[in-house]
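The values are calculated or read from the model by the stated rules, or taken from the named source; none is laboratory data. Here the structure is a predicted model, which is why all the values come from computation and not from measurement. Every residue, glycine as well, gets a Cβ built from its backbone with ideal geometry; the counts of neighbours run over all protein chains shown. Protein only, heavy atoms only, side chains kept; ligands, DNA and RNA dropped before computing areas. Shrake-Rupley method; radii C 1.70, N 1.55, O 1.52, S 1.80 Å.
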Amino acid sequence: MSNADYLTEQGEQMLVWQGTGATRLGLAGQVTEKVYANLLSGLTPDSTARNQVSLTARQKKDRRCAFQAVLSAPKSVSVAALVFEDARLVQAHNEAVRATLTVLEKECALTRVRKNGSMEDRKTGNLIMAVVTHDSTRPVVIEEKEFVDPQLHSHIAIPNLTYDAKEKQWKAVNPLELFKRQALIREVYWHELARRCVALGYGIKNESYGFNLVGYEQFNARFSKRSDQLDRYREKHGLSNTAKGNAYAAAESRDRKSKRQRPDLVKEWLSQITGEEKKMVHGPGTGAVIIQRRIEDLIKLSIEHLSERVSVFRDSGLLADMVKRARGSTVNFDDLRASVDREEELIRSGDRLATVESLQLEREIIEFAKDGRNRWLPLARNPDLSPSLSEDQAKALRGLLRSRDGVMGLTGDAGAGKSTVTQELLHHFEVGTLLLSPNTGGRESLRDLAVNHQDQRIAQAFDQTQTVAAALTNKQLFQRAKGGLILVDEAGLVGIKDLSEILREAKAVKARVLLVGDTKQHHGVAAGDALRILKRHAGL
């Protein structure tokens, strides 16, 4: 941080203080190395070598001294701002960063509370942040020629200090929320930047990941040589395309910082764009475009979207989805936060949320399973089992055939032989059977078992396997299991809502239900993890 080119960036940008934590310490304006070093060591800003005063009650020699975040503009914004030299977009980026860091403080600044037996985290709402904005990537050498791409981005260094107003002392930051809420902070930055781009007259095109300025996205690949370098490095060294893999690749492949001046870089960037391409870029419009969004619609859509995937979700996840839907509009984050806090349809447990409906569905399937216990006749008391079964498979099969429960479960690791047990199970009773799978891949795997099967009745059952969605769309299919069995394969992937509907249909046709799955391997994509819930709360 002490390198002049890093701190001043050609004299145009400098490392500056931001955050209410910095304000509390009287820090403003340019960051000096001495003060920054003191904060990294947990000392007061004015500490000297002879008079070191600790800010925190405890000092650990191997303490984590700081965190770093980066907020980076979409490539098309960088191109419009730096190559086509619209300085207003640089200002828009800086304003968006400041607005985002205000949210970062409110949402992510926590400290651990460990007094009087407490094991909780407390929001402090303040951080000390040192911010610098850069305009280019690290240089990339291609065929012995050095290239530097435009990339507007800000580094935020966060010393590991926050003020706990309740305990009236400076303490370490709990970093968990900084990492858990990365998606939220990223969405807030994109929204704040997009709304400013729109206000300047630019058209935006929202993408699943970020957004583009209309007309400038054609240059994204051309000015992403550093990204291509990282991709090649990861591939060469067998690194995964994850945050950890990307961070390692970035650290190991980076070249020295460029000493070239901005005017020279702009000339080089413009030389990579043809005259015809320049004519195709119309630039911003003459007037600001206003995008309106209703907060009531945003929260409804986001809750519906998240509830389809998980029954319990974090409030930061809900906020991130709402901010994404609001991107570029006049909606501000504080209003979104307020709407989540007052939403009556949400049940809260700390920072975890669930809907009243999802809780009711969980209760329904638990009660259905409990009510069906010991209500049925066993399929077979002393079955004659195939000698080819392993000891565990035979034990599981006997348990199922002797069970008197309306809802049964067959769980095991991948490759343990659940399909073998299932086929043997169908040999021992001659009742209607409906096989269901949560996806088409699973459906086809079960249908493949029908090929060359000696027992035509069982072959037909496998051949007529349906997806859960198909059966719930055409509920007449459940008539096949009237008085018999509904077998749900890969039940760990079936959500609460779908399972509750399956159980209602089972009740209507007086059928038993067998849930087959691997609770260790699979995690439900749809809302809830029904198989685990029934094992834990219904005694499955």
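A few comments on the model shown:
- Considering only F333, V31, G409, and ranking their Cα positions along the charge dipole of the chain that arises from unit charges at the beta-carbon of Lys, Arg, Asp and Glu, the one farthest toward the positive end is V31.
- Dividing the Cα radius of gyration of the stretch 427-480 by its Kirkwood radius returns 0.98 for Rg/Rh.
- With DNA, RNA and ligands ignored, accessible area of R63 (1.4 Å probe; Å², nearest 10): 50
- Cα-only Debye scattering, the stretch 406-446: base-10 log of I(q)/I(0) at q = 0.18, 0.29 Å⁻¹: -0.65, -1.30
- Accessible area per residue, Å², the chain with all protein chains present, probe 1.4 Å: 51
- Counting only DSSP H runs of at least 4 residues, each contributing -39500 (n - 2.57), and dividing by the residue count of the chain, the helix-based mean residue ellipticity at 222 nm comes to -12500 deg cm²/dmol.
- Percentage of interatomic Cα-Cα distances in the stretch 153-240 larger than 20 Å: 62
- Overall Cα dimensions of the stretch 354-431, principal axis frame, Å, largest first: 50, 30, 19
- Which listed pairs, of K145/K267; K106/K205; K106/K168, have C-alpha distances above 21 Å, in listed order: K106/K205
- Taking every C-alpha pair closer than 8 Å and separated by at least 6 residues, the mean separation divided by the residue count of the chain gives a relative contact order of 11 percent.
- The angle between the Cα long axis of helix 315-326 and the main principal axis of the chain comes to about 70°, on a 0 to 90 degree scale.
- Convex hull per residue volume in Å³, alpha carbons only, for the stretch 434-540: 103
- Counted charge near L410, where neighbours are those whose Cβ lies closer than 13 Å (Asp, Glu -1; Lys, Arg +1): -2
- Once Rg and the Kirkwood radius are both taken over the C-alpha atoms of the chain, their ratio Rg/Rh works out to 1.08.
- For the stretch 34-144, the dipole from Cβ point charges (+1 on Lys and Arg, -1 on Asp and Glu) about the Cα centre works out to 1020 debye, to the nearest 20.
- With the simple spin-label model, which puts each label point 7 Å out from Cα in the Cβ direction, the S419 to R536 separation comes to 3.0 nm.
- By the rule of a C-alpha distance below 13 Å, with chain neighbours fewer than 8 residues away ignored, the aspartates and glutamates paired with K300 are E308, D321, E343, E344, E345.
- Accessible surface of the stretch 353-452 [probe 1.4 Å, protein heavy atoms]: carbon and sulfur percent: 44
- Over the stretch 7-160, the pair-distance histogram of Cα-Cα distances with 10 Å bins from zero comes to 10, 32, 30, 18, 8, 1, 0 percent, rounded to whole numbers.
- Rounded percent of accessible protein surface that carbon and sulfur make up, the stretch 21-106, 1.4 Å probe: 48
- On full extension, the segment bounded by M14 and K115 gains 32.3 nm, given 0.36 nm per residue less the C-alpha separation.
- Translational diffusion of the stretch 73-121, µm² s⁻¹ [Kirkwood Rh, Cα pairs; Stokes-Einstein; 10 °C; 1.306 mPa s]: 118
- Rounded to 10°, Cα long-axis angle of helix 496-508 versus longest principal axis of the chain: 20
- Solvent-accessible area of Y209 with every protein chain in place, 1.4 Å probe, in Å² to the nearest 10: 150
- Taking the three principal axes of the alpha carbon atoms in the stretch 308-383, the coordinate ranges are 69, 22, 17 Å, sorted in descending order.
- Among beta bridges that DSSP assigns inside the chain, antiparallel share in %, nearest 5: 70
- Kirkwood radius, the stretch 275-330, all distinct C-alpha pairs, inverse of mean reciprocal distance: 13.9 Å.
- Helix 295-309 vs. the chain, principal-axis angle (Cα, 0 to 90°, nearest 10): 50
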